[in-house]
Amino acid sequence: MLFDIGTKVEDKEITVLVGPNGSGKSTLLKTVMGLTQVYSGKILYDEKNIIGLPPHALTKLGIAYLPQVNNVFANLKVKENLLMAGYILGKDEAKKRTLEVLEDFPVLKGYMERRAGTLSGGERQMLAMAMAMMRRPQIILFDEPTASLAPKMALEVLDKIVSLRDNYGMTVVLAEQNARRALELGDKAVLLVSGRVMYRGDSKELLNHEELGKVYLGIKTA
């Protein structure tokens, strides 16, 4: 459960959600996407309260959500996944955007005829990001995108997330298990503990906060 979550996500920045297992990071993202029950409070997006809107309506508003698992259609080919992501687009526009996202995610070019379920974990994450970019969202919510990935691939996924901010001015909310790396690349940070905010502010300050980093994130400062 979440209690008294009061925070703001800045435009064109990466806001990192960190905290111990079970702290509420994934729950917060699911709540924004209308996947949990909200008993009180508001979630404002473009100054409008979006509580009660279904996920498909939030997608049309420009919010993309990449869950930790089941974020691609495993039984469909890569090209079919991209077409599914652009289902609200016209045929010509969908084809145009497919070519655009393939330039951003070139690893997928050789896999267009492969079923998504045969891709590696990192390749599936790249496909999930490409699917989200088909809709040109304003904000992307990532839930533990590097979970179960090899260290090298995890860094590649995180670097790609940074490029979404730097190259496209994308607003990103990133719940991440690798707290140190996430805080290094983030702009702002929110530390959740038992469903409550323990810190909100500059991500580098949290990274260098001896007490909070050591107690809640296992980070030892120099």
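The values are calculated or read from the model by the stated rules, or taken from the named source; none is laboratory data. Bear in mind the structure is a predicted one, so any value in this text is a computation, not a measurement. Because the Cβ atoms are built from the backbone with ideal geometry, glycine has one as well, and the counts that use them run over all protein chains shown. Side chains are part of the model used for accessible areas, which takes the heavy atoms of the whole protein and leaves out ligands, DNA and RNA. Shrake-Rupley method; radii C 1.70, N 1.55, O 1.52, S 1.80 Å.
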* Just wondering, is there one or more residues in region 84-91 that are open to solvent by less than 50 Å² (accessible area, probe 1.4 Å) and farther than 21 Å from Tyr168 by Cα? -> yes
* Asked: Taking the stated definitions as given, is Val16 under 24 Å from Met129 (Cβ atoms) and of a type in the set (A, V, I, L, M)?
  -> yes
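Has region 44-58 got at least one residue that is of a type outside the set (Phe, Trp, Tyr), part of a loop (DSSP other than H, G, I, E, B) and in contact (Cβ under 8 Å) with a residue 24 or more places away in the chain?
The answer is no; no qualifying residue exists.
Condition test on Ile50, is it touching a strand residue (DSSP E or B) at 6+ places or on another chain (Cβ under 8 Å) and closer than 21 Å to Gln138 by Cα?
The answer is yes for Ile50.
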* To do: Please work out which residue is most open to solvent (accessible area, probe 1.4 Å), limiting yourself to region 71-83 and to residues that are assigned to a helix (DSSP H, G or I) and closer than 22 Å to Leu141 by Cα.
  => Leu83
* Checking Asp11 against (1) closer than 18 Å to Gln125 by Cβ; (2) open to solvent by 40 Å² or more (accessible area, probe 1.4 Å); (3) not basic (Lys, Arg), the condition it does not meet -> (1)
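A quick yes/no check of all residues on (1) among the aromatic types (Phe, Trp, Tyr); (2) touching a Cys at 6+ places or on another chain (Cβ under 7 Å); (3) more than 28 Å from Gln177 (Cα to Cα):
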| position | (1), (2), (3) |
| --- | --- |
| Gln37 | no, no, no |
| Lys42 | no, no, no |
| Lys48 | no, no, yes |
| Tyr65 | yes, no, no |
| Lys91 | no, no, yes |
| Ser120 | no, no, no |
| Ile139 | no, no, no |
| Lys152 | no, no, no |
* Asked: Among the residues of region 175-222, which ones are assigned to a strand (DSSP E or B) and open to solvent by less than 80 Å² (accessible area, probe 1.4 Å)?
  -> Ala175, Lys188, Ala189, Val190, Leu191, Leu192, Val193, Val197, Tyr199, Gly201, Asp202
